[in-house]
Amino acid sequence: MFQVFVDPTIQRLIDATPGFMPRAEGTYLFDLAISCPGSSDHPLVEVGTYCGKSTLYLASAAKIRASTVISIDHHNGSEENYPPFPYFDQRLTHPTSHDLDTLKNFRETVRLSNLSDYIIAVVGDSNQYVKYFPKDTASFVFIDGGHSAVQTWTDFIDWSPKLIHGGVLAIHDVFEDPSQGGRPPFEIVNALRHSKTFKELVQVGSLAAFKRET
Ligand code: SAH
Ligand code: MG
């Protein structure tokens, strides 16, 4: 048995990249993504790229698996990335539109990482793109896009059938205590706990994970 770690140079870049992925959770994301079943024909999927912080954990795993991470984001931010919410980062606004625009920053993250061979960026709405994505295809699905009730549930309902059998579904920002964060990811996890299709794996911080069993 040997343990695989994120390359220290990549880890430094991850640490310097704006985003919402504490190191312990990112390391778990990487561990889940290297250990789930599937071949290079079965990509890792991420909904919610932002500036690429979590994407680099997944791209590091994709490199080891000789696979690819497909990361989806319209790059205009979620509700909570705008004032008055604390997740608003003025530096990431477009100079003329004043909308959030994380694409340039993400592209620079990818360039600095030298992991572009393992990353496919989809710049668009996850609700639209999912229609063209075949079911039973992804070895791993990470849901971290829009956090409203409708968007989180839509991403879960649309993307979970895209997993292959044995594939792993990871959901971010799962907080049991409502004072720590929004309810939708926690509600989905509760529903999954009653499902026969998914088996719960360990949760690390706010990152919950389930294995598709049927
Ligand atoms: N995973 C990132 C954080 C993602 S933040 C990290 O660890 O750093 C959530 C992202 O979801 C935002 O960048 C926002 O633009 C994106 N998003 C929200 N709704 C979306 C939708 N319907 N389609 C695509 N992306 C969406
Ligand atoms: Mg998140």
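The values are calculated or read from the model by the stated rules, or taken from the named source; none is laboratory data. Keep in mind that what you see is a predicted model, and the values were worked out from it rather than measured. Cβ sites come from the backbone with ideal geometry, for glycine too, and all protein chains shown count toward neighbours.
Just a few scattered comments:
- Note on the range 180-194: among residues that are part of a loop (DSSP other than H, G, I, E, B) and either touching a residue at least 12 places away in the same chain (Cβ under 8 Å) or crowded, with 17+ Cβ neighbours inside 10 Å (or both), the one that is farthest from ligand 2 (Cβ to nearest atom) is 183.
- Where a residue in the range 98-122 is farther than 12 Å from residue 73 by Cβ and its partner, wherever it lies, is among the basic types (Lys, Arg), with Cβ under 6 Å and at least six apart: 118/63
- Matching helices (runs of 4 or more DSSP H) fully within the range 47-140 where at least 2 residues are of a type outside the set (S, T, N, Q) and either away from ligand 2 (no atom under 16 Å from the Cβ) or more than 13 Å from the chain's Cα centre (by Cα) (or both): 53-65, 103-113
- The single condition from (1) more than 24 Å from residue 24 (Cβ to Cβ); (2) at pLDDT 95 or above that residue 92 fails is (2).
- Selection within the range 121-179 - polar (S, T, N, Q), surrounded by fewer than 14 Cβ atoms within 10 Å (Cβ to Cβ) and away from ligand 1 (no atom under 14 Å from the Cβ): 179
- Selection within the range 160-179 - under 15 Å from residue 145 (Cα atoms) and part of a loop (DSSP other than H, G, I, E, B): 172, 173, 174
- Output for the range 7-41, where each listed residue is buried (at least 21 other Cβ atoms within 10 Å of the Cβ), in a loop (DSSP other than H, G, I, E, B) and not hydroxyl-bearing (Ser, Thr, Tyr): 19, 21, 36
- Of residues in the range 198-214 being without any contact (Cβ under 8 Å) to a residue 60 or more places away in the chain and of a type in the set (S, T, N, Q), the one surrounded by the fewest Cβ atoms within 10 Å (Cβ to Cβ): 214
- Any hit, the range 56-66, residues being under 20 Å from residue 113 (Cβ atoms), in contact with a Lys or Arg (Cβ under 9 Å, 6 or more places away or on another chain) and either surrounded by fewer than 20 Cβ atoms within 10 Å (Cβ to Cβ) or not polar (S, T, N, Q) (or both): no
- The range 13-29 residues that are within 17 Å of residue 143 (Cα to Cα), paired with ones that are acidic (Asp, Glu) (beta carbon under 9 Å, 6 or more apart): 20/144; 20/173; 21/144
- Yes/no for residue 4 being in a loop (DSSP other than H, G, I, E, B), over 14 Å from the mean Cα position of the chain (by Cα) and of a type in the set (A, V, I, L, M, F, W, C): yes
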